[in-house]
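Here the structure is laid out as structure tokens; the discussion comes afterwards.
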Amino acid sequence: LKNMYASITIMLVIALAAAFVVYRRGSPLRYIFVGAAIFIAARILWFIGAIVFERTARYILEDAMPYRAFIWLQSLTLGLWQGLAVTLVVTVAAIAMWSPRDKPIHAIAVGVGASACEMLITAIVSLLGMLVLFTGKKSDGAQFNLAYDMAVTPLLPIVEPLILALQMICVVAGTVLVVSGIQSKRYVSVLGGGLVFAAALILAARAVTGCG
């Protein structure tokens, strides 16, 4: 189980270290917090869309195609929607608060803030899950399953923080593209940023699901 704790620690260290680096590079903390707010807003928007998908298309498509094909289509659809949700929220934030005086490091800080927020939430949820698992009642079966998984795939917990770290790089790149596109009115850059968001989120979701 030490790898589980190592995974949580790695996520916390990456999130805090990335935020510290952009802060030391000259970005005020407010841009990091804006990024965190963007992540939360985009996730709420994505969740609403996911509910709509579950209540409409799921029951139609699940019986119309092989299960594996449906899972890939679901991942693709929700990933594209999540990428669109992030792009919309970043675009609104850029229009509302960006000025010609803002520097590229500020856009980088926003992307770091969004990814760091996701990492921190993931780490906290994982830690709380482990506490509930090992302190709650009637958890012997769950403890056995977890111990078995760790014995068979001992490095599995290390994969998630690495995936999230790579996703952070893509989210930062997507944020810079969207913000620069809004500033320069080059909307091809905004589209490119949206595609980067979608691709990163789809691949990260499939990688985590596949590893799990």
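The values are calculated or read from the model by the stated rules, or taken from the named source; none is laboratory data. If you're wondering where the values come from, they're calculated on a predicted model, not measured in any experiment. Reconstructed Cβ throughout: ideal geometry from the backbone, glycine too, with neighbour counts over all protein chains shown. Ligands, DNA and RNA are stripped out before the accessible areas are found, and what is left, the full protein with its side chains, is counted by its heavy atoms. Shrake-Rupley method; radii C 1.70, N 1.55, O 1.52, S 1.80 Å.
Check whether at least one residue in segment 32-39 is over 16 Å from residue 117 (Cβ atoms), part of a helix (DSSP H, G or I), open to solvent by 20 Å² or more (accessible area, probe 1.4 Å) and modelled with pLDDT of 80 or more, and report yes or no. No, that holds for no residue.
Kindly indicate whether any position in segment 106-118 is of a type in the set (Asp, Glu) and part of a loop (DSSP other than H, G, I, E, B). No, because not a single residue in segment 106-118 is of a type in the set (Asp, Glu) and part of a loop (DSSP other than H, G, I, E, B). A single member of 50, 69, 19 is touching a residue at least 40 places away in the same chain (Cβ under 8 Å), on the phi < 0 side of the Ramachandran plot and aliphatic (A, V, I, L, M), and it is 19. All of 22, 52 fail the test of being of a type outside the set (Phe, Trp, Tyr), assigned to a helix (DSSP H, G or I) and closer than 22 Å to residue 168 by Cβ, apart from 22. If only residues of segment 174-212 that are among the polar types (S, T, N, Q) and modelled with pLDDT of 90 or more are counted, the one that is surrounded by the most Cβ atoms within 10 Å (Cβ to Cβ) is 175.
Scanning segment 143-172 for residues that are at pLDDT 55 or above and in a loop (DSSP other than H, G, I, E, B), which turns out most open to solvent (accessible area, probe 1.4 Å)? Restricting to residues being at pLDDT 55 or above and in a loop (DSSP other than H, G, I, E, B), the top hit is 155.
Within the span defined as segment 57-66, every residue fails to be closer than 19 Å to residue 170 by Cα and in a helix (DSSP H, G or I). Just to be sure before I move on: is residue 65 at pLDDT below 80 and open to solvent by 20 Å² or more (accessible area, probe 1.4 Å) in the structure I sent? So residue 65 passes the test.
On the stretch given as segment 90-117, residues that are within 11 Å of the chain's Cα centre (by Cα) and surrounded by fewer than 22 Cβ atoms within 10 Å (Cβ to Cβ) total 1.
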